[in-house]
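*Asks:* This structure is in structure tokens; I'll ask about it shortly.
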Amino acid sequence: MFKTLNTLLLACLLVAPAASAVQMKDYHKEIMTGDNGKVECAACHGDAKRKTIPAASQCESCHGSSDDMAMQTARPKDAGHDVEPNPHDSLHYGTDLPCTYCHQEHKESTVYCNQCHEFEYPDMKR
């Protein structure tokens with residue numbers, strides 16, 4: 001009985017630090033790490049609980065508004081059907097799709113539109 005209990009306790013101790021470690025994209029980790037060497041979760045999450053999805057205004061404070069992002073990723077005027085559509089100015093949603101539908105900080109990002117389509121967006125940071 002004690003052997004089983006000790007094994008369970010040891011397993012919990014070994015798994016606990018790994019479970020609390022939060023994955024973060026390297027390019028954000030660099031700018032979100034404070035002078036103390038710790039990542040400042042409040043930079044994105046504000047005063048909300050850590051697992052709360054950040055407000056779009058938090059994304060916009062660094063990346064610009066949804067209209068700014070749509071201009072940055074606009075298709076060339078003479079683009080044919082070989083060029084994928086602007087992911088920040090969807091034919092279905094315009095510029096209203098929340099950033100977090102595609103961009104994930106703590107896991108791999110996905111293309112929301114690929115629920116129905118098959119876009120690649122090779123330059124998307126995943």
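The values are calculated or read from the model by the stated rules, or taken from the named source; none is laboratory data. Values in this document were obtained by computation on a predicted structure and should not be read as measured data. Quick reminder, even Gly has a Cβ in these numbers, built from the backbone with ideal geometry, and neighbours come from all protein chains shown. Accessible surface is based on the protein model in full, side chains and every heavy atom, while ligands, DNA and RNA are left aside. Shrake-Rupley method; radii C 1.70, N 1.55, O 1.52, S 1.80 Å.
*Asks:* Somewhere in the stretch 90-112, is a residue more than 23 Å from residue 31 (Cα to Cα), under 18 Å from the mean Cα position of the chain (by Cα) and among the aromatic types (Phe, Trp, Tyr)?
*Replies:* yes
*Asks:* What number of residues within the stretch 101-121 satisfy the criterion of being open to solvent by less than 40 Å² (accessible area, probe 1.4 Å) and at negative phi?
*Replies:* Step one: of the stretch 101-121, the residues open to solvent by less than 40 Å² (accessible area, probe 1.4 Å) are 102, 109, 111, 113, 121.
With the extra rule that they be at negative phi, the set shrinks to 102, 109, 111, 113.
Residues in the stretch 101-121 being open to solvent by less than 40 Å² (accessible area, probe 1.4 Å) and at negative phi: 4 in total.
*Asks:* Another question about this same structure. If you check residue 85 against the conditions, is it in contact with a helix residue (DSSP H, G or I) (Cβ under 9 Å, 6 or more places away or on another chain) and under 19 Å from residue 27 (Cα atoms)?
*Replies:* No.
*Asks:* If you check every pair at least six apart or on different chains, which have Cβ atoms under 7 Å apart with a residue in the stretch 21-43 that is under 13 Å from residue 105 (Cβ atoms) first and a residue that is of a type in the set (Val, Ile, Thr) second?
*Replies:* 24/39; 29/39; 32/39; 39/33
*Asks:* Follow-up. Among the residues of the stretch 49-81, what is the count of those that are open to solvent by less than 50 Å² (accessible area, probe 1.4 Å), hydrophobic (A, V, I, L, M, F, W, C) and part of a loop (DSSP other than H, G, I, E, B)?
*Replies:* Of the residues in the stretch 49-81, 1 are open to solvent by less than 50 Å² (accessible area, probe 1.4 Å), hydrophobic (A, V, I, L, M, F, W, C) and part of a loop (DSSP other than H, G, I, E, B).
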